[in-house]
Amino acid sequence: MRRLLPLFALAPLFALAADTRAAEKDAKVYEMRVYHAKAGKLDDIHARFKDATFPLMKKHGITPEAFFVPIGENKGNTLVMFFSYPNMTAREKSWKNYYGDPDAQKAFNDSQKDGPLEGKVEMRFLVPTDYSPMFKIEMSKDERVFELRTYTATKGNLGNLNDRFKNHTLKLFEKYGMTNVVYWNVPKGDVGDDTMLIYLLSHKSQDAAKKSFDGFRQDPDWIAARKASEEKGGGSLTEAKNGVLSEFLKPTAYSPLK
């Protein structure tokens, strides 16, 4: 479960993060935030990021990686974003400086002059798996869609799930035309550190994604790898309810990753 926090109320909690993740303080860390805009306010959030927030974030060492909205009807007025930092210590310093910056405070307050923009903010820290491709900021020459997939492993099976992806799944995804963008687990000490695998794929289209997965699921190598991993893990490696979640996303006009 992601942590639910109001936007500028995040600042007092930053100091706690470094303590709870001391073992990983020198590892590169990513942050996923999901903003749920109030009705009619999503365009204002887009404008604030594009016109004011990006330069200020970069000034303070925060790297915006990708910004997405759901494909189709965006019932939740949702904006999904990813940031990266050299390590957790750098993150804490960057956000402390950002929230203390008068220009950042002014941009936030100006954007709120007609009322709050965000209903709630969801936040999760992520660390790359040892088999993940390097998450590269790039702009594709061709249009593509992204798929955010969230797996919840059954008890004791996150290691087996990671092994299956590392040794079999990534190569089979590529065989069927899917692009592996990045794979993450949750840092030690956070909720889900023993169950969560979150990753991004890209596809030419949603129809292409369906065709790719149809072929993947029928591949004899996948069937054999799944059977072997489940025999080793004592059953399914993912929970029966909400064990595999998928959401198709498209980049915003200002997203570094497209």
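Before we move on, is ASN162 within 21 Å of the chain's Cα centre (by Cα), farther than 25 Å from PRO70 by Cβ and in contact (Cβ under 8 Å) with a residue 12 or more places away in the chain? Criteria met by ASN162. All conditions but one from (1) under 17 Å from PRO55 (Cβ atoms); (2) assigned to a helix (DSSP H, G or I); (3) not hydroxyl-bearing (Ser, Thr, Tyr) apply to LYS96; the one that does not is (1). The number of residues in the stretch 42-62 that are of a type in the set (Lys, Arg) and touching an Asp or Glu at 6+ places or on another chain (Cβ under 8 Å) comes to 1. Checking each residue in the stretch 225-258 for being assigned to a strand (DSSP E or B) and farther than 23 Å from ARG48 by Cβ picks out THR238, VAL244, LEU245, SER246, GLU247, PHE248.
Looking at TYR85, is it crowded, with 17+ Cβ neighbours inside 10 Å, without any contact (Cβ under 8 Å) to a residue 60 or more places away in the chain, more than 18 Å from TYR35 (Cα to Cα) and in contact with a helix residue (DSSP H, G or I) (Cβ under 6 Å, 6 or more places away or on another chain)? Criteria met by TYR85.
Determine, yes or no, whether ASP193 is assigned to a loop (DSSP other than H, G, I, E, B) and either hydroxyl-bearing (Ser, Thr, Tyr) or under 28 Å from MET88 (Cα atoms) (or both). Taking the combined requirement at face value, the residue satisfies it.
Checking each residue in the stretch 149-175 for being crowded, with 18+ Cβ neighbours inside 10 Å and in a loop (DSSP other than H, G, I, E, B) picks out THR154, ASN157.
Each value in this text was obtained by applying a stated rule to the coordinates, not by laboratory testing. Owing to the predicted nature of the structure, the values given are computational and were not obtained by experimental measurement. Because the Cβ atoms are built from the backbone with ideal geometry, glycine has one as well, and the counts that use them run over all protein chains shown.
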